[in-house]
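Notes to accompany the following structure.
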Amino acid sequence: MLTGELRSKIDAIWNAFWAGGIANPIEVIEQITYLLFIRGLDELQTREENKAAMTRKPMGRVIFPAGVYRKDRDGSDVTYDELRWSRLKNAEPARMFTLMADFVFPFLREMAEEGTAHAEHMKGARFTIPTPGLLTKVVDMLAEIPLEDRDTKGDLYEYMLAKIATAGQNGQFRTPRHIIRLMVELTAPTPKDVICDPASGTCGFLVAAGEYLREHHKALFRDAALNRHFHEGMFHGYDFDQTMLRIGSMNMQLHGVDGADIRYRDSLATGHADDADKYSLILANPPFAGSLDYETTSADLLAIVKTKKTELLFMALFLKLLKPGGRAAVIVPDGVLFGSSTAHKAIRRMLVNDHKLDAIVKLPSGVFRPYAGVSTAIVFFTKTNSGGTDHVWFYDVQADGMSLDDKRQMLVADDKFGPVPKAALSTEEHARNNLPDVVTRWAQHTGAERENPRTAQSFCVSAAEIAAADYDLSLNRYKEVVHEAAEHRPPKEIIAELLALEEEIAAGLKELEAML
């Protein structure tokens, strides 16, 4: 958790950009990303130098080699050493600006030849800070923020990503962090999982999965093979927005994942022969309400379901990418659950009959406000290719800990927020944050939860009943509403009360006349 002091420093950096003429929140975070990356490269080189000095062995990785990088405009030499953060931050404003624009950013773009995913995303790196004064101010502010601790780095970046949403644009790139955490808690990633988000954006799902593993499977980092898998083989994210790829890649790096596979891919347009049946866990919030032409849609997805709707094509994609036994937790608009088109029904029939549909967690419609008021749900399923759906668990989330209007204000204390709060919630607080109850009840979704009545907040429905309902998966189709019984009293009793009341009124009137 960031301290108030660190939050204030980040806010000051953000405000400096706005005052300096950069008002687009995506551009602000992109420029900060580049500066953090430059700082990170220098710190990595310093660690390698210290390690080499201690072991008296050559450096394992040299980022800034000795010697000249290239010539300056006046013919003087510019060395690699001058491109390092530790040198740049102490340079005169004009010199710092020249080095950044003419040498550091070309160097970042050329690093793509190294073959690392993050270096690949730097191919399109653009330096857009307009003045030496603003650059110096921002570099000085960033230099004051301690980034030695991985948690601090990650929290810092998450705080900046939240500003993308609060700035009032590009909010579609960010799924609320507590909803992501809920999905991760229920799917419980393991050290051997291979995890994918085919619409990765800022990589929030992958980051949360990594943090879950650090918290629940600390021993994996003491196993050389599992540790290597965590850093180089576990996390995969696709997006077709280069800016999001750069931000997402940095997000993973600042959360301590060195070699995540974050790459450019139009998930619905390209074939998937190279990654079909590859992943054991998919976590995603794909784009809603889009429509593609058949000509631009991957043929292997159209073979699963013939549709132009992106939300249905993504469901087909998830089934394509998962290996048998692989599981998924994905956010879908409510229309996927009850839409009457042939494609809608086909997808739902597949989930119930051909695979194992585990759960539908209905979310309140205000979760994505102020950017969208669409009603959504989280679908949990396991790919089996052989059926297996017995009962489907439904949970009706009515409150997520924040107000469901455009302001999205906190309704509970910080230690009682999210799906795994630090303090227990009272009955009154549960009414404002249902997420911990979702986690608790999920643990019994194949056991005691099956005995719940349909009037409860969570209950189970058999696959046979869902099939009989034409595979309708909307919670309201099966939920029963409790009607309060009206009080019925004998007519004679009511008439007697009315007569007594009439007598009291008459007596009162007589007393009033006597007084007058």
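Going by what's in this entry, would Ala329 be described as crowded, with 18+ Cβ neighbours inside 10 Å and either within 23 Å of the chain's Cα centre (by Cα) or aliphatic (A, V, I, L, M) (or both)?
On the way: crowded, with 18+ Cβ neighbours inside 10 Å: yes; either within 23 Å of the chain's Cα centre (by Cα) or aliphatic (A, V, I, L, M) (or both): yes.
Here the answer is yes, as Ala329 does meet what is asked.
What's the total number of residues in region 81-91 that are free of Cβ contacts under 8 Å to residues at least 40 places away in the same chain and polar (S, T, N, Q)?
Number of matching residues: 1.
Restricted to region 15-25, and to residues that are surrounded by 13 or more Cβ atoms within 10 Å (Cβ to Cβ) and out of contact with any helix residue (DSSP H, G or I) (no Cβ under 6 Å at 6 or more places or on another chain), which residue is modelled with the lowest pLDDT?
Asn24
Checking Trp18 against (1) more than 29 Å from the chain's Cα centre (by Cα); (2) aromatic (Phe, Trp, Tyr); (3) part of a helix (DSSP H, G or I), only one condition comes out false. Which one?
Every listed condition holds for Trp18 apart from (1).
From the list Glu148, Glu158, pick out the single residue that is in a helix (DSSP H, G or I) and modelled with pLDDT under 95. Walk me through how you get there before you give the answer.
Numbers: Glu148 fails: in a helix (DSSP H, G or I).
Only one candidate qualifies: Glu158.
Could you go through region 76-89 and let me know if any residue there is under 19 Å from Thr136 (Cβ atoms), among the hydroxyl-bearing types (Ser, Thr, Tyr) and surrounded by 14 or more Cβ atoms within 10 Å (Cβ to Cβ).
No, that holds for no residue.
Could you say whether any residue in region 221-231 is in contact with an Asp or Glu (Cβ under 7 Å, 6 or more places away or on another chain) and modelled with pLDDT of 95 or more? Please lay out each step first, then the result.
Taking region 221-231 as the starting set, the residues that turn out to be in contact with an Asp or Glu (Cβ under 7 Å, 6 or more places away or on another chain) are 231.
Right, trim to modelled with pLDDT of 95 or more and you get none.
So far as region 221-231 goes, no, none of its residues is in contact with an Asp or Glu (Cβ under 7 Å, 6 or more places away or on another chain) and modelled with pLDDT of 95 or more.
Taking the condition part of a helix (DSSP H, G or I) and either touching a Pro at 6+ places or on another chain (Cβ under 8 Å) or not assigned by TED's automatic domain parsing to the domain that holds Leu35 (or both), does Ala94 pass?
Yes: the conditions hold for Ala94.
I want to confirm something. Restricting to region 293-326 and keeping residues that are surrounded by fewer than 17 Cβ atoms within 10 Å (Cβ to Cβ) and touching a strand residue (DSSP E or B) at 6+ places or on another chain (Cβ under 8 Å), which single residue is farthest from Leu357 (Cα to Cα)?
By that ranking, first place goes to Lys308.
Yes/no matrix, rows are residues, columns are (1) modelled with pLDDT of 95 or more; (2) of a type in the set (A, V, I, L, M, F, W, C):
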| position | (1), (2) |
| --- | --- |
| Cys196 | yes, yes |
| Cys203 | no, yes |
| Phe235 | yes, yes |
| Asp241 | no, no |
| Gly248 | no, no |
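In region 324-382, which residues are of a type in the set (S, T, N, Q) and not in a strand (DSSP E or B)?
So in region 324-382, the residues of a type in the set (S, T, N, Q) come out as 340-342, 353, 365, 375-376, 382.
The answer is Ser340, Ser341, Thr342, Asn353, Ser365, Ser375.
Which one of the conditions (1) surrounded by 21 or more Cβ atoms within 10 Å (Cβ to Cβ); (2) without any contact (Cβ under 8 Å) to a residue 24 or more places away in the chain; (3) not polar (S, T, N, Q) does Pro421 fail to meet, given that it meets all the rest?
(1)
Filter region 440-486 for residues that are surrounded by fewer than 16 Cβ atoms within 10 Å (Cβ to Cβ) and basic (Lys, Arg); which is nearest to Gly387 (Cα to Cα)?
Filtering first and then ranking leaves Arg450.
Report every pair of residues separated by at least 6 positions or lying on different chains whose Cβ atoms are under 6 Å apart, first residue within region 54-80 and within 21 Å of Glu110 (Cα to Cα), second of a type in the set (S, T, N, Q).
Once the first residue is within 21 Å of Glu110 (Cα to Cα) and sits in region 54-80, its partners that are of a type in the set (S, T, N, Q) give Ile63/Gln45; Phe64/Gln45; Val68/Thr79.
In region 383-415, which residues are within 19 Å of the chain's Cα centre (by Cα), part of a loop (DSSP other than H, G, I, E, B) and in contact (Cβ under 8 Å) with a residue 40 or more places away in the chain?
Across region 383-415, the qualifying residues are Val397, Gly401, Leu404, Arg408.
So which residues in region 316-327 are free of Cβ contacts under 8 Å to residues at least 60 places away in the same chain and within 22 Å of Ala467 (Cα to Cα)? Can you show your working first?
Step one: list which residues in region 316-327 are free of Cβ contacts under 8 Å to residues at least 60 places away in the same chain, which gives 316, 320, 325-326.
Of everything in region 316-327, just one residue is free of Cβ contacts under 8 Å to residues at least 60 places away in the same chain and within 22 Å of Ala467 (Cα to Cα), namely Ala316.
Quick grid of which residues meet (1) outside any loop (DSSP other than H, G, I, E, B); (2) among the small types (Gly, Ala, Ser):
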residue: Phe64; (1), (2): no, no
residue: Asp74; (1), (2): no, no
residue: Ser86; (1), (2): yes, yes
residue: Val104; (1), (2): yes, no
residue: Phe107; (1), (2): yes, no
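For Asp437, work out the one condition from (1) in contact with a Ser or Thr (Cβ under 9 Å, 6 or more places away or on another chain); (2) farther than 30 Å from Ser340 by Cβ; (3) loosely packed, with under 13 Cβ neighbours inside 10 Å it doesn't fulfil.
So Asp437 meets the others, but not (3).
The values are calculated or read from the model by the stated rules, or taken from the named source; none is laboratory data. Given the structure is predicted, the values throughout are model-derived calculations rather than measurements. Note: ideal-geometry Cβ built from the backbone for every residue, glycine included; neighbour counts use all protein chains shown.
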